[in-house]
Structures are given as C-alpha cells and as structure tokens.
C-alpha cells in the first residue's frame, strides 16, 4: 500500500492539510478542503476550484476544475461546467471529448452519458455497452442498474437484461441484495409504495414496507419506517435494532453512525451506544478511525471513542 493512502485530511486554523498515522503533519494546511489520497493523488479545493496534489503537496498538473475524483487506478474524473472527462494522473486527457456525465469507476467500468443516453466504458476507456439507456448506475456484484422506458432494471456486463425494468427506483446490489422501490396501484390511483429488497433472480425477498433504505453492509441494512425513524434489519427483514434514530449510516468496522436529537454518535450491531451523541457529523469508520465534526472543528476517533486526532479547525 502506498504510504499516502494512509494520510488523513485535517483542518487547522481554517485550512486543510494532511497528517500521517504517526500524527505528524505531512502536507501543511493551505487548502479550503482536502480529500483522501488514492494512488499518490488527492483532490483539494482552493478558491472554489478543484485541483490534484501528489504526496508531497505539489500540484500534479496546473489545470483546475469544478469537481475532481481520483479512482483506484489513479485516473482523474473531472467536471468542467456541466461536462465530464477523464485524465491520467499527470492531467493528460484520455477521452476525445467531454461527456454529459461519467460515473465513478466500479468493477473496472464507468457509466457514461452522451446526448442523454447512457452506456459503459471499461477501465481502459473502451466502449463496452453502447449509449442506449435513459440512466445508469455503476456495476456492483456483476450487475448495473439501468433505466429504460421510465423503469429500472439490471444488466450484466454482456448487456443482458438480467432483471426486467419494472421498478420505480433502485440502488446497487450489496451482499447479494438490492433495494427497490415498488408502487402498487389500483386503476390510476396509488395504493401503496415502499422500498424492499430483491435478490439477483429478481425475487422480492424483503417486502416493500420501508420509506427508504440504502442496502446491506456487514449483514445489516439501515431502513426508515413510516414514522420517519431509522433502524436496522437483518436479511430476513426483521428488526435487529428498532427504529429510533433521526438518521442512520451503514455499518463499517462493526460500528454505525446514528443521529438522535440532531447529534451523532455510534452504535454496535446489538444497538449498544459505544460513542455518545455529541457530534454535528460523524462519518464511517475506516481502518479503525472515523472523522467527526463538532462546532466546525474536525477530529478523528477510534472505536472506543478516544481521540486519535483532537478537534481542530
């Protein structure tokens, strides 16, 4: 693993820089916002524009953009105005034109849009599925959600429609299940609507009774009930953690960020509170650390709630 991948963005005196896992500042705080490193490159925001730096804090190339994402291959997905392109790590354009939209790299492919139609290119930027869909999401577990005729279904990388487009809304497959929104109608009147889950055969395995859900992670899925409260269900659709939260995130490293009375803390899979509800924002744990925010100050905590890096800002 390249060393820069372990660098953590921190905010000091109103500017963002980076520390390493030894808590030493490795890139001085001089940016308006800083993001994670991937393949020795990281996007940063400065004066309302996004640029890319290397692990020494030097700009990798001179051009700036409205948005930048660096993917796992080190390529830069950039947005200029309302158009997208892909650059190499040194800023060289790799596509012959800008496109209406380019998704994030996932399973060695990108969704891409031209003239309001979506297709897919591979990691080498070769077209693998022509522009033919009204919308498309990224591939996950071998399937990608695509919209056709106003409804969503799922295709494989051979462009075979594995699950017919019959759903109002969908999210990607995670742990072999995908959230889908189903609307039941009687004549022209909406009778019932909600999110449930399907398997890769398109069978409904968890009934569509939830207001919203984003999918499974570490065996549990956060779901919003009819009272707008969030809890967690297992793969059988049974509540493991009752709905009692204003907001809830996915489980990562065994913990999930949840919100009560508009403050965030963390719970374990039994629903036990392991970090108190004191933060204005709390992000997912990654390699044992999570970024938290309080009063516009940023810090990092471990799974016991102890500060790895104190709140600074």
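Just so it is clear, none of the values below were taken in a lab; they were calculated from the coordinates. Owing to the predicted nature of the structure, the values given are computational and were not obtained by experimental measurement. Cβ sites come from the backbone with ideal geometry, for glycine too, and all protein chains shown count toward neighbours.
Structural remarks
- The range 18-137 - Debye-derived log10 I(q)/I(0), Cα point model, q = 0.11, 0.13, 0.21, 0.22 Å⁻¹: -0.39, -0.53, -1.13, -1.21
- The chain, relative contact order in percent, only Cα pairs under 8 angstrom and at least six apart counted: 7
- Gyration tensor (alpha-carbon) shape descriptor, the chain, a/c threshold 1.5: oblate
- In the range 77-140, the alpha-carbon atoms span a convex hull of 82 Å³ per residue.
- Radius, Kirkwood style, for the range 166-289 when every pair of distinct Cα atoms is counted (Å): 15.1
- With R₀ fixed at 25 Å, the C-beta to C-beta distance from residue 244 to residue 281 puts the FRET efficiency at about 0.80.
- Cα shape, the range 249-304, gyration tensor, a/c 1.5 rule: oblate
- Fully extended contour minus Cα-Cα distance, from residue 97 to residue 5, at 0.36 nm per residue: 30.1 nm
- Computed Kirkwood radius, in angstrom, where 1/r is averaged over Cα pairs of the range 75-187: 14.8
- Along each principal axis, Cα extent of the range 147-215, largest first, Å: 38, 26, 17
- Overall dimensions of the range 17-79 as given by Cα atoms, namely Rg and Dmax in Å: 11.2, 34
- Inter-label distance for residue 67 and residue 200, nm, one decimal - labels placed 7 Å from Cα along Cα-to-Cβ: 3.0
- Both radii are taken from the alpha-carbon atoms of the range 134-183; with Rh as the Kirkwood radius, Rg/Rh is 0.92.
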